[in-house]
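This report refers to the structure that appears directly beneath it.
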Amino acid sequence: MGRRIGRRDLLKIGAASAVAAALSGCEFPRPWVHLEPYVRPPEEQVAGVGTWYASTCRQCPAGCGIIVRVLNGRAVKIEGNPQHPLNEGKLCPRGQAGLQDLYNPDRLQGPVRQAERGSRRYQAITWEQAIDDLRAGLSRAGSSLVVWADHTISGHLLDLFERLTAALGAPPPVVFDLYTALSGYAALSAADALLFGQARLPAYGMEEADVVLSFGAGFLSTWLSTTHYGVAFGSFRQRPLDRRGYLVQFEPRSGLEAAKADFWVRLRPGSEAPVAQAIARLIADGGVGPADRVSRARAWAPAVDPEAISSASGVPIDDLRRLAGTFATAARPLAIPGGALTGHGDAVAQAAAVQVLNVIAGGAGVGIAPGPPAEGLVAPVAAPYGRVQRLVERMRAGQVGALLVWGAANPAYALPPALGFVDALKQVPLVVSFRPIVDETALWADLVLPDRTYLEAWGYGVVEPSFGVPVVNSQQPVVQPLYNTRATGDVLLEVAKGIPAAAAALPWPDELSFLRERIAALPPGVFGGVGEEVEWARFLQHGFWQPRPGPGALQAPEARPQPVVVPAPSFQGAAGDYPFFLYIHMPVLLSDGRGADKPWLVGSPDPMTTLMWQTCAEIETNTAIRLGVTYGDVVRIMSPYGQVEAPVYVLNSVRPDTIAMATGLGHSALGRFASQEAEGPNPMALVGPAADASGTSMAWANIRVRVERTGRRVALAKFEDTRGSYGGFVNQAFADQYL
Amino acid sequence: MADATQAEHKWTMVVDLDKCTGCQACVVACHAENNVPIRNKSEVQANRAQHWIRIERYWVGDPPARARFLPMLCQHCNRAPCEPVCPVYASVHSQREHLNLQVYNRCVGTRYCNNNCPYVVRYFNFYDPYFPAPLTEQLNPDVTVRTAGIMEKCTFCIQRINRAEQQARSEGRDLGPDEVIPACVQTCPPSALLFGDLWNPESRVAKALADNPRALRVLEHLGTEPAIYYLKGGKSYVRF
Amino acid sequence: MSDSDIRAPQQRPSLGEMGLDQQAQLERERHLLVDARPGRELNAMVLEPMMRIGRAFWPAVGVLGFLVLTWWVTWGFQMWWNVGITGLNRVVMWSLYIANYVYLIGIAEAGTFIAAALRLLDIDWRRPISRIAELLTVFCIFASALFPLAHLGRTWKFYWLLPYPNERQLWPNFHSALIWDLTATLSYLATSTLFFYIDLIPDAALARDHVHGWRRTLNSWLALGWRGTERQWRLLKVAQLIFSIGILLIMPSVHTVVSYDFAMTIQPGWHSTVFGPYFVAGAIYSGVAAIIIAAILFQRLNHWSYFIRDEHLNGLGIFLLLTSLVWDYFFFQDFIVPWYGQVPTEKQVLLTMMAGHGQLAFWLMITANAIIPFFTLWWRRVRTSWPAMLAISILIQLGLLLERYIIVTIDLGVRELPFNWGLYQPRAAELIMSTGAVAFIVLGFVVFSKLIPFVVLYEVKEGQFLVQLKRIGKGLIRSKME
């Protein structure tokens, strides 16, 4: 931090456009801030009374509805949209932190050009120059254009990118980011395609379930929809004690879900899917439960040996039998496949193996997201990792003429360095980033043309997965855009005008007219209104569209019987050289790393370690003693593909043979908070370039590592102060009394 | 009809420990609503992190220990130990809202109140808050921004309470049973946090606490009479 | 110490063996009050060190002044950057500043006790060291009173703690122990300054009459036209009596009130009914040790072995032993009750102190306060050996500072909910302020020793007048006139 905390800034803020110029007053700094209201406020605004605008949260792909309180042209608070069926007025911490994307001090204030990649010297250019450069580059690239977007992209923008690439003869955009990769989106969709014939994300009706077996799913931290599953979990536990939901979490490490679980199975990494298969087998063999379930089990259960799986996974066979019985006899049981089980082996088969349990159960609590409800609407689909691998090869071979990166995808940070993405960039003549802030990928870009943050932008989003009813979110600017940024959609349309092949495909004057045209294709929704203007107004006012009549139950899909073969767990790295399993997980605040630029996320305590501004290597107590390390010692974690350094955090909850590491830090860009203040490892540096057997996912969950001391120490920035006598443990009396 | 700004309410919060997932949504929401600064890494390393609501994480049981979450915020004790010790009456009790109030402009920073608070829920501004522009745009004008030398703590979002009461008064009606929602309660996805007027039998908190064997208060033996009730973590009755 | 005292008791000549002259000689050697010298000589002995600026004076003032300056500069920094420059944190919000406040005002207690209580009890060995004791009190209260100010987050609003008429119509909160502190400290400061001043008047007049230059002006101003008439002496005695009694009422109440800062909270480790007498005992203990240090230093530096003799050191040493035992007793009470009670948080406090991160401070404190004095001060040889007494007293100072430090920071680091246990480590700011305060007191002594007479000469002369050697049979004994 360059300036000490003691300084008080003197701020003058101009009227409606709210461009903040900070003057550091050295003499007699004044301890207050001048906030001047509008000279002529918009009609609906009353000074001192907030106006709430509905929009969509874009902090993760879930697409929760939000309402934003705007006072005098400033967005001051985000809340969940109470009417939105996905999050019902609630919001996860990442959603709450969205204002710090909008008002991040390190945002780019206009388009810039970087003459020398990696130099971090960005010259401001005008939009005219930027568009000219971009147009020239796209014209040159033609069909070798590649667009890379992250899963939070607005449907209309993705649509424009698709049209552009199609017009130029280039392949369609790649939608790939670390969040969806580590959550297993591509594998989950492919598993649904395998079993149900529809390549869409699964939805699980946890509110109604009574027994949930979660195979490593981080449903309370990240995964498919943190807020929705949080709300569902509340209902799951709401019911009177005799019908309170029973949760089993299968995970080698205790995250939030294992903490809340009634039974935590601390199984060996990689054995989630085999255990699911063992349970299916035990249901079939045991014959316990309703007859239709047993017969389905006998039809579906694979020919596996539960005893062998029990010893391989470290789960006692009695527990497996008991769990099988519980699942089979429950009224509405549910099995949930997590992200980690898609990180190795055959991801599709592994995800399918867990879905098989739902099929056996009768499928009542499982649904498939229905997909865009109207012809003209586009929803992002996570690209399989194989496509990313081939892309990088093409880049390396000089076959990519231009790479446009939109959003928080940040491949230079997210992809394992062993894949060689940053090296391959050297062979790409034009690299453009549209992110409002400079991230690791933008460090290697020639042009950074900042898009508006989602609170300043238009868009729509098809909610995926949606839970029983199709929902299309609306997104609108809640404040005047802060800086000289332009919506990427407008930029594309402007650029296309000058490219003959594209001009015909993108004839709209601006993105808003394109957006309204697409939305007009929606049938009349639940909020009524006759006429396009009224429907559009309702769409913006409520924040979403939902069909008439109202919500329905999850549609249990028809399953196509087929064998699901899960390969035996195998790991990258010889056990002799690399004695530990590496368990990578996404923490709730930082998720895949996109939260690190926001102080509210990176400076708030991680729920399990209470660390702020830091992430660590979680090492089990006895393992730590054997290694001769304790809290705060810096160790070097080495895999066959790379190494990172991390401070040690000692836990007795993680498996003794496992080192757990969170994603989120290890940034060299993304603003001062992420790159200068925060410190922590990027565990993706330990991952190899390989994909799983199905080609849908990175092989990220089967890495083995070894640990070396560096001799250095770092002070852990924890909320709990363990420098004294406390290790976090309380006696049973205290626990019995309160916890 | 009684003036809604003059009626007495027994503002109470209920924390369901079975539902709290430890996700920190309440923590972030509180920062956003109440202009609570995020302290930088060296401040956190000096054990000065500042979060009005925090999720205390305890490890329980034999290895592998299980984590348990205990959201801890100002309990708004009816017999608050922080009140008699403040020499300048900066920590006082509100007779009408039955809340513990911290008067920022009166606080001289003796820090006695936090010593006497058994829950350690009061925070001192060791330095001025650091809001680099344009993060200042996000500050909530309903809430003072505290400078260095001042103690602060959860207020049950009293600005929201006031606003709701004024709204009700201007509309000539009483407050609805669940009309006032602090920021943490509003955002909590599993609805582990509930808030309302305990004296209004229609409110969610009154209903949640009625004859509830799980209800308890933390450190009740100290006689602080907190206004926050915790519902103890439940046990499952599923037979297997 | 004379030769005759070094020899073992059975080797010393018995009274019967010694001639009267020898006995008188012995008595004169041992006891100040029978060793009367001409007034001129006594005056010279007292005033000459006051007038002479030795080689060591300016360097001492320089070093001490520099330390005091660092104190003020650091405080200035703290007012600007605020309390974050200290080592305080969200759990331990009181630390060295409060510990210093309690410690320094504790030292002040004994000064009052020596000057006032021993006068009322008519104990003679207080006579030469009374002024040193009273001056210690004044400077220590003054320095200690600045610490709560430095401790405030918004020091510039300190006057809100005073009951002055204001437009907000607010009184300070009289329920708060800090307001009691304020009252006690201010009243103690006022009374002890006045007490010191009243005792000073005759000696200031003495200085006025015998010195020249600016010191003359200063002392004549201080002497308020004292002529030494009988009426004036009588008034002085009455005033001294009133103040002695008054200040003896204030003194224990001050430190009891200071202890209420802790005892009136519900913090485990603090919430103890024994804190009142425990703190007073500790206060007197540390104060006596401080007086011993001052007395020894002035005896050595000003060559005052005439005024401060073995009998004074011995008296002080016995008093030190007594207060040490009293402190041991109260500390034991404060320790054993929670230990037996086994209330979890209180037990954790004890464990942290004894075996946790407080153990170094704790065991040092026990060694310095309980063990070393107990195994040394019983013997007269030790009590009259100035190097030993100096060392023991300095250790006791350290031990009692550690005791305050432990009570404030270690106890405060153990809160009811285990998530909130915390460690405190002082930073440069607190350490500079602490040394600066001690330097301030020492500097005060150094400077004032050149401004006013440092031995209460009129009391010594009065004592010498009152105490005579009387012959009874073959022996001489000291007898005192009423």
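Can you give the helix-only mean residue ellipticity at 222 nm for the protein assembly as shown, where every DSSP H stretch with n ≥ 4 adds -39500 (n - 2.57) and the sum goes over all residues, rounded to the nearest 500 deg cm²/dmol?
-12000 deg cm²/dmol
Rounding to the nearest 10 and keeping the result within 0 to 90°, find how far the Cα-based axis of helix A:347-361 lies from the longest principal axis of chain A. Once rounded, one gets 60 degrees.
Chains B and A together bury roughly 7800 Å² of accessible area, counting both sides, with a 1.4 Å probe on protein heavy atoms only. Treating r as the C-beta distance of C:Phe158 and A:Gln676 and R0 as 45 Å, the FRET efficiency rounds to 0.75. Rolling a 1.4 Å probe over the protein heavy atoms of the range B:4-236, with every protein chain left in place, gives an accessible area that is 50 percent carbon and sulfur. Placing dummy labels 7 Å off each Cα toward the beta-carbon, the span from A:Thr126 to A:Ala505 is 3.0 nm. The fraction of accessible area contributed by carbon and sulfur in chain A is 53 percent, rounded to a whole number (1.4 Å probe; ligands and nucleic acids excluded). Using a probe of 1.4 Å on the protein chains alone, the accessible area found for A:Arg296 is around 60 Å².
Once the Cα atoms are used to define both axes, helix A:488-497 deviates from the longest principal axis of chain A by about 60 degrees. The mean number of partner chain beta-carbon atoms within 10 angstrom of a residue's beta-carbon across peptide A:603-616 is 6. Between the C-alpha center of the range A:204-240 and that of the range A:506-582 there is a gap of 19 Å. Ordered from highest to lowest accessible area with the whole protein assembly present and a 1.4 Å probe, C:Glu482, C:Glu346, B:Glu43 read as C:Glu482, C:Glu346, B:Glu43. Apolar share of the accessible surface for chain C: 68 percent from carbon plus sulfur atoms, 1.4 Å probe. Among the protein heavy atoms, those of C:Ile250 account for about 40 Å² of accessible surface (1.4 Å probe, every chain in place). Expressed as a fraction of 2.2 N^0.38 Å, the value expected for a compact globular protein of N residues, the C-alpha radius of gyration of chain A is 0.95. Divided by 2.2 N^0.38 Å, where N counts the residues, the Cα radius of gyration of the protein assembly as shown comes to 1.10. Shown here for the range B:40-144: trypsin sites (Lys or Arg not before Pro) in loop regions (DSSP other than H, G, I, E, B) with at most 10 other Cβ atoms within 10 Å, of which there are none.
In terms of Cα to Cα distance under 23 Å, which lysines are near enough to C:Lys480, apart from those fewer than 8 places away along the same chain? Output for C:Lys480: C:Lys237, C:Lys461, C:Lys470. Going from the chain on its own to the full set of protein chains, the range A:68-96 has these residues losing 20 Å² or more of accessible surface (heavy atoms, 1.4 Å probe, no ligands, DNA or RNA): A:Arg69, A:Leu71, A:Arg74, A:Val76, A:Lys77, A:Glu79, A:Lys90, A:Leu91, A:Pro93, A:Gln96. Of C:Lys474, C:Lys480, C:Lys450, C:Lys157, the residue with the largest accessible area leads and the full order is C:Lys474, C:Lys480, C:Lys157, C:Lys450 (1.4 Å probe). Each Cα pair under 8 Å and six or more residues apart adds its separation to the average, and for chain C the resulting relative contact order is 30 percent. The trypsin sites (Lys or Arg not before Pro) found in the range C:191-269 that occupy coil by DSSP, while having at most 11 further C-beta atoms within 10 Å, are C:Arg227. 3J(HN,Hα) couplings calculated from phi for the range B:108-115 with the Karplus curve 6.51 cos²θ - 1.76 cosθ + 1.60 (θ = phi - 60°) are, in sequence order, 9, x, 6, 6, 6, 4, 5, 4 Hz; Gly and Pro show x. For the range A:183-368, the Cα-based Rg and Dmax, in that order, read 14.7, 41 Å. Sorted into 10 angstrom bins from 0, the C-alpha pair distances of the range C:324-400 split as 18, 42, 26, 12, 2 percent. If R0 is 60 Å, the Cβ-Cβ spacing of C:Ile336 and A:Glu517 corresponds to a FRET efficiency of close to 0.10. Counting only residues at least eight positions apart within a chain, or on another chain, the lysines with an alpha carbon under 29 Å from that of A:Lys718 are A:Lys77, A:Lys90, A:Lys260, A:Lys598, B:Lys19, B:Lys41, B:Lys153, B:Lys232, C:Lys347.
Evaluate the distance, in nm, between pseudo-label points positioned 7 Å from the Cα of C:Ala56 and of A:Arg140 along their respective Cα→Cβ axes. Those two pseudo-labels are separated by 8.4 nm.
Between C:Arg427 and A:Ala303, the modelled label-to-label distance comes to 7.0 nm, taking each label 7 Å out from Cα in the direction of the beta carbon.
Go through the range B:56-70 and flag every residue whose accessible area shrinks by 50 Å² or more with all protein chains in place compared to the isolated chain (probe 1.4 Å). The answer is B:Arg57, B:Tyr58, B:Trp59, B:Val60, B:Pro64, B:Arg66, B:Phe69. A simple packing score, the average count of other Cβ atoms within 10 Å per residue, orders the peptides A:67-73, A:43-49, B:185-191 as B:185-191, A:67-73, A:43-49, with the highest score first. The mean sequence separation of alpha-carbon pairs under 8 Å and at least six residues apart, normalised by the residue count of chain B, gives a relative contact order of 31 percent. For trypsin sites (Lys or Arg not before Pro), no site in the range A:492-570 is both called loop by DSSP and has at most 14 other Cβ atoms within 10 Å. Treating r as the C-beta distance of B:Asn162 and C:Ile198 and R0 as 45 Å, the FRET efficiency rounds to 0.20.
The C-alpha atoms of chain C define a longest principal axis, and helix C:230-263 lies at about 30 degrees to it.
In plain terms, the chain from A:Arg712 to A:Thr51 could stretch by 232.8 nm, reckoned as 0.36 nm per residue minus the Cα-Cα distance.
Working note: Karplus 6.51/-1.76/1.60 with θ = phi - 60° gives the range A:227-238 the couplings 5, 4, 6, x, 4, 4, 4, x, 5, 4, 9, 6 Hz, where Gly and Pro are set to x.
Placing a label point 7 Å from the Cα of C:Arg300 along the Cα-to-Cβ line, the residues of the range C:370-395 whose backbone N sits under 15 Å from it are C:384-395. Solvent-accessible surface of the protein assembly as shown, averaged per residue with a 1.4 angstrom probe and all protein chains in place: 35 square angstrom.
Using protein heavy atoms only (no ligands, DNA or RNA), what is the total accessible area buried between C and A, 1.4 Å probe, nearest 100 Å²?
The C and A chains share an interface burying roughly 1300 Å².
Projected over every direction and averaged, the convex hull enclosing the alpha-carbon atoms of the range A:382-536 yields 11.8 nm².
Of the residues B:Ser170, B:Ile38, A:Val438, the one whose Cα sits farthest toward the positive end of the charge dipole of the protein assembly as shown, with +1 on the Cβ of Lys and Arg and -1 on the Cβ of Asp and Glu, is B:Ile38. Max-minus-min Cα coordinates of the range A:553-699 on each principal axis give 52, 43, 28 Å, with the largest extent listed first.
Buried surface between chains B and C: roughly 3900 Å² of accessible area, summed over both sides, computed with a 1.4 Å probe on protein heavy atoms only. Averaging the sequence gap over all C-alpha pairs within less than 8 Å and six or more residues apart, then dividing by the number of residues, gives chain A a relative contact order of 17 percent.
The values are calculated or read from the model by the stated rules, or taken from the named source; none is laboratory data. Note that the structure is a prediction, hence the values are computed from the model and not measured. In this analysis, Cβ positions are derived from the backbone assuming ideal geometry, glycine residues included, and neighbour counts consider all displayed protein chains. These accessible areas exclude ligands, DNA and RNA; they are computed on the full protein's heavy atoms, side chains included. Shrake-Rupley method; radii C 1.70, N 1.55, O 1.52, S 1.80 Å.
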